[in-house]
Amino acid sequence: MQAGCEEEQTVYQIKDFPDGTYHGGILNGEREGLGIFFWNSGDVYYGHWSQNYMNGLGSFYFVHGGSLQGYFSSTLVTGPGKLTLPNGSIYIGSWVDGYQHGEGIYYNACSNTWNFGIFDLGKLREKKEIGQGYPSSEDISRLIPEYYSNIEVLQSKCEEDSYDGPWRNGMKEGIGIFSFKDGSKYQGAWENDYPNGLGIFQHVSGRIDAGFFKDGALNGVGRILFSNQSFYYGSFIEGRFEGTGTFS
């Protein structure tokens with residue numbers, strides 16, 4: 001009788017790479033499942049990985065401001081996604097291989113106007129509709145329904161605090177997103193009704209806290225991206241800088 005072989009299991013690890021440090025699932029030595037990557041440059045990605053690549057729903061935060069939320073395929077956004085620039089301008093819509101491609105809305109923060117149309121490799125080729133002000137949820141859901149149903153929960157501002165995720169015995173448990181009415185957001189692991197595990201907190205001020213949370217505060221190794229484009233990477237205890245760290 002031939003002995004059976006046990007399948008490798010995804011395990012949580014902290015692993016260094018030449019361009020940064022990874023916290024999350026590892027399978028056969030590669031990034032797999034949910035994880036956070038801290039680039040040496042200061043950029044941060046939180047989301048899903050497969051075979052060592054960003055694959056699946058994820059959020060990329062740039063150290064100089066702005067973010068990119070969407071579905072990644074081999075590190076490039078493909079499908080519905082949202083790009084937010086440091087000046088407040090946004091693109092919401094279809095992406096192919098890292099380019100805005102297909103139907104989308106571009107909001108220009110300087111002119112406070114938006115254009116809906118057809119994009120081709122990052123350029124607006126055909127305008128279909130023009131609007132004044134920031135595009136409303138109604139406009140987004142009407143013009144780009146596939147985006148609104150898949151991505152908007154990562155960015156939308158709520159009139160009241162709201163939670164989108166699993167529950168257990170009346171408490172938040174598992175991977176979920178909590179949206180505060182002021183525009184702040186936490187997305188990541190929950191246990192006993194508190195952020196516990198890998199997660200990322202977006203403050204309304206623009207500050208980003210990413211890493212391992214315990215009872216709602218960073219605890220262990222993590223990174224803070226400040227709104228002035230500086231960042232700290234190192235050890236935390238109950239949300240405070242504690243131990244070895246680097247400030248850039």
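Counting Lys and Arg as +1 and Asp and Glu as -1 over every other residue whose Cβ lies under 15 Å from the Cβ of GLY66, the net charge comes to +1. For the chain, the calculated P(r) over all alpha carbon pairs, in 10 Å bins from 0 to the bin holding the longest distance, is 7, 29, 35, 20, 7, 1, 0, 0 percent.
Protection proxy ranking, highest mean first, for peptides 131-137, 105-111: 105-111, 131-137, where packing is the per-residue count of other beta-carbon atoms within 10 Å, averaged.
Across LYS15, LYS82, LYS181, the residue with the most accessible area heads the list, and the full order at a 1.4 Å probe is LYS181, LYS15, LYS82. Stokes-Einstein diffusion for segment 68-107 at 20 °C, viscosity 1.002 mPa s, with a Kirkwood radius from C-alpha pairs, works out to 217 µm²/s. Counting only residues at least eight positions apart within a chain, or on another chain, the lysines with an alpha carbon under 19 Å from that of LYS185 are LYS82, LYS157, LYS172, LYS214. Given R0 = 35 Å, the distance between the Cβ atoms of SER89 and ASP19 translates into a calculated FRET efficiency of 0.80. Here GLN9 and ARG168 are evaluated by their C-beta separation; at R0 = 22 Å the FRET efficiency comes out at 0.45.
Extension gain for the segment ASP193 to ASP120, taken as residue separation times 0.36 nm less the Cα-Cα distance, is 21.9 nm to one decimal.
The values are calculated or read from the model by the stated rules, or taken from the named source; none is laboratory data. Because the structure is a prediction, the values reported are computed rather than measured. FYI the Cβ positions are ideal-geometry reconstructions off the backbone, even for glycines, and counts take in every protein chain you see. We work out accessible area using only protein heavy atoms, side chains counted, and drop any ligands, DNA or RNA first. Shrake-Rupley method; radii C 1.70, N 1.55, O 1.52, S 1.80 Å.
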